[in-house]
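FYI, it's all coordinate maths here, none of it is from the lab. Please read these numbers as outputs of a predicted model, since none were measured by experiment. With ideal geometry, Cβ positions are generated from the backbone for all residues, glycine too; neighbour counts draw on all protein chains shown.
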Amino acid sequence: KIALPDRARMLLESVYGEDAVSPAGLEEVETDCFAGERVAAASAHFNALDLEQGYHRAAEALVWEDDQEVGTRWSDERTFSVALVQRDANAGLSPWHSECQHPWAMSTVRLREGLARRLPDLPPGFDESVQELQKRHPGLRGARFWLVDAGEEAHYDNTLGAVIPR
């Protein structure tokens with residue numbers, strides 16, 4: 001039986017103490033969990049930006065390709081780059097945040113695969129514009145384009161981010 005508060009210290013020490021031992025049935029799960037944590041840490045270390053060097057490609061640090069997926073969060077679910085776009089004056093596409101120093105970077109978000117698939121497709125007629133943008137901006141290769149001002153239920157909020165109804 002569990003007798004509290006009399007045996008609280010013993011129970012806490014047996015779980016969190018330095019001499020805590022996992023039950024035999026949980027050893028494999030504990031090992032898998034530890035291995036997963038190490039993989040995540042190694043991935044984070046590999047993808048980390050050296051703040052001393054900044055955002056440039058030093059000759060000795062050419063480890064990222066233009067179209068390489070570099071995760072910023074650890075998750076088992078695949079994520080997609082989504083470029084938030086609006087119609088421009090020439091019937092093409094322009095970045096959602098066009099009045100800033102890095103408009104495409106500021107107009108690109110990462111969404112879980114399940115959410116990205118629920119976004120509406122671009123209306124017909126924008127294929128050529130998308131191809132041209134991807135050619136000029138390598139960071140947009142492989143991105144899904146979302147015409148935010150298309151009047152759909154899904155919308156982008158500057159505070160909440162992508163709001164996608166179920």
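Can you give the FRET efficiency to the nearest 0.05 for D121 and A44, using r as the Cβ-Cβ distance and R₀ = 35 Å? Mind dumping the intermediate values first?
On the way: r = 34 Å, r/R0 = 0.97.
Taking R0 as 35 Å, the efficiency between D121 and A44 is 0.55.
Sorted by average packing, counted as other Cβ atoms within 10 angstrom per residue and highest first, what order do 78-91, 13-26 take? Could you put the intermediate results ahead of the total?
On the way: 78-91: 15.8, 13-26: 9.1.
In decreasing order of mean packing, 78-91, 13-26 become 78-91, 13-26.
How much length is gained if the chain between L12 and A89 is pulled fully straight, taking 0.36 nm per residue apart and subtracting their Cα-Cα distance, in nm to one decimal?
Working: separation 77, 0.36 × 77 = 27.72 nm, distance 6.54 nm.
In short, 21.2 nm is gained.
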